[in-house]
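Worksheet: one structure, shown below.
The values are calculated or read from the model by the stated rules, or taken from the named source; none is laboratory data. All figures in this text were calculated on a predicted structure; none of them were measured in a lab. No Cβ is skipped: glycine too gets one built from the backbone with ideal geometry, and neighbour counts run over all protein chains shown.
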Amino acid sequence: MARIGWVEEADATGETAELYDAWRQANPSRDKIPDILKCFSTRPDVLKHMLAFSYELHFRDGALTWATKELLATYVSALNRCEYCASSHACFLEYKDPRGDVVAALRRGDLDRAPVTDAERALLAFSGRLTLTSHEVTDADVDRLRQASWAEPQIAETVYVVAMFNLFNRVANAFGLAPVDYRQILAQPEFKGSFENPVGQNSVTQNPGG
């Protein structure tokens with residue numbers, strides 16, 4: 001049980017109930033609203049924006065691939081010692097990326113032992129710096145990303161994704177969320193490799209390889 005109160009599904013009314021229903025309709029194979037979403041349930045106006053923000057920014061290819069975003073999500077969550085987010089996004093990363101040793105190392109927050117590409121290492125190192133010492137980010141940090149062949153939209157999207165997960169990590173840790181094994185969800189035959197935005201028009205469909 002969360003250490004801060006939220007609106008349970010059975011108790012939801014008004015806009016919160018509508019948003020819960022929209023999420024269930026978009027995820028018919030899931031039997032409960034994710035705890036991270038319930039954390040925003042006392043402010044349904046905020047919950048609506050968080051749903052749109054996370055599904056549109058993270059669970060789809062953009063300037064970065066969804067697979068690359070899962071690298072960032074897993075590593076940042078591990079650095080923040082957020083077991084809820086680190087465990088769930090390690091599952092998503094495992095689904096999107098066949099490199100099991102990469103998943104294991106980033107799940108531990110161990111970039112040194114993660115056999116990633118040079119470009120990925122530069123992006124992850126920047127994400128770590130942005131997470132732990134954002135006030136120390138310099139022009140040289142960004143230049144290293146350009147030298148690693150990351151384009152401006154990709155660098156900007158990295159900042160957005162890292163910032164979003166720093167928010168979610170802190171919310172999850174404050175509410176005391178317990179880890180969830182998403183492997184069971186991803187293994188269900190109803191899961192077709194996509195997540196639909198419950199409050200938008202776009203269906204987020206990707207191939208497992210990212």
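Considering the stretch 114-146, the residues that are in a helix (DSSP H, G or I) and either touching a His at 6+ places or on another chain (Cβ under 6 Å) or among the polar types (S, T, N, Q) (or both) include one that is farthest from A86 (Cα to Cα), namely S134. Here D97 meets the list (1) of a type in the set (D, E); (2) at pLDDT below 95; (3) exposed (fewer than 15 other Cβ atoms within 10 Å of the Cβ) almost entirely, failing just condition (3).
Of all residues in the stretch 148-170, those satisfying the criterion of being polar (S, T, N, Q) and surrounded by 12 or more Cβ atoms within 10 Å (Cβ to Cβ) are Q154, T158, N166, N169. When the stretch 163-210 is filtered for residues that are modelled with pLDDT under 60, of a type in the set (G, A, S) and out of contact with any helix residue (DSSP H, G or I) (no Cβ under 6 Å at 6 or more places or on another chain), the ones remaining, listed by number, are S203, G209. Taken as a whole, the condition of being crowded, with 17+ Cβ neighbours inside 10 Å and polar (S, T, N, Q) does not apply to N173.
Against the definition (surrounded by fewer than 16 Cβ atoms within 10 Å (Cβ to Cβ) and of a type outside the set (V, I, T)), how does D35 come out, yes or no? It is false that D35 is surrounded by fewer than 16 Cβ atoms within 10 Å (Cβ to Cβ) and of a type outside the set (V, I, T). Considering A63, A26, the condition of being over 14 Å from the mean Cα position of the chain (by Cα) and within 22 Å of R129 (Cβ to Cβ) is satisfied by A63 alone.
For the stretch 50-67, the condition of being of a type in the set (K, R), farther than 22 Å from A122 by Cβ and without any contact (Cβ under 8 Å) to a residue 24 or more places away in the chain holds for none of the residues. Considering only residues in the stretch 126-143 that are closer than 13 Å to I155 by Cα and of a type in the set (D, E, K, R), the one that is surrounded by the fewest Cβ atoms within 10 Å (Cβ to Cβ) turns out to be D139. For T117, the conditions (1) over 29 Å from A2 (Cα atoms); (2) modelled with pLDDT of 95 or more; (3) crowded, with 21+ Cβ neighbours inside 10 Å are fulfilled apart from (3). Does any residue of the stretch 95-103 turn out to be touching a residue at least 12 places away in the same chain (Cβ under 8 Å) and either under 27 Å from A174 (Cβ atoms) or in contact with a Cys (Cβ under 9 Å, 6 or more places away or on another chain) (or both)? Yes - at least one qualifying residue is present in the stretch 95-103. V142 meets all of the listed conditions (1) β-branched (V, I, T); (2) touching a residue at least 24 places away in the same chain (Cβ under 8 Å); (3) more than 24 Å from R99 (Cβ to Cβ) but one, namely (2). Out of the residues in the stretch 103-114 that are among the hydrophobic types (A, V, I, L, M, F, W, C) and surrounded by fewer than 21 Cβ atoms within 10 Å (Cβ to Cβ), which is nearest to Q184 (Cα to Cα)? Filtering the stretch 103-114 for residues that are among the hydrophobic types (A, V, I, L, M, F, W, C) and surrounded by fewer than 21 Cβ atoms within 10 Å (Cβ to Cβ), the one nearest to Q184 (Cα to Cα) comes out as A104. Per the conditions (1) more than 21 Å from the chain's Cα centre (by Cα); (2) of a type in the set (D, E); (3) modelled with pLDDT under 95, the sole criterion not satisfied by D11 is (3).
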